[in-house]
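Each value in this text was obtained by applying a stated rule to the coordinates, not by laboratory testing. Given the structure is predicted, the values throughout are model-derived calculations rather than measurements.
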Amino acid sequence: MELKEIKENLILACLNQNPKIFLPYLLSNNVKTTMPNKIRFYSFFKYMINCGKQKSIGNWALKIEKTTLMNEQHIKAYNFYDNKHKSARLKVLVIEENNEITIETIPF
């Protein structure tokens, strides 16, 4: 799978607040997570989307922002904001290296 397709479906799953959209892409060999395994990542990802959904007002919008976490330059923060709150309802760190993507969901 191409990284572009994986990232597009990650974004789609978050914007639609439907983690099932991303599940087939998560299982790709090109996708890594910082969790011990992908099933645990998916459970946490699903939980974070559901929590964010409950605390949101309106639809989510994506802002891809540079992050100062871990002082790495190749990490992007996919921040999903609702119509009211100033802080992101969901934050996903995306690291691209060597035709692989590593994904980490940041708790509130």
query: Most fluctuating residue of Asn37, Asn50, Asn18 in a GNM of the chain with Cα springs under 10 Å: which is it?
result: Asn37
query: When the chain is modelled as a GNM with alpha-carbon springs shorter than 10 Å, which of Tyr25, Tyr81, Tyr47 fluctuates the most?
result: Tyr47
statement: Longest principal axis of the chain (C-alpha) makes with the long axis of helix 3-15 (C-alpha) an angle, in degrees to the nearest 10, of 20 degrees
- prompt: According to the Cα gyration tensor, what semi-axes, each the square root of 5 times an eigenvalue, does the equivalent ellipsoid of the chain have, listed from largest to smallest in whole Å?
  reply: 21, 16, 12
The chain: relative contact order in percent, alpha carbon pairs under 8 Å with at least 6 residues between: 24 percent
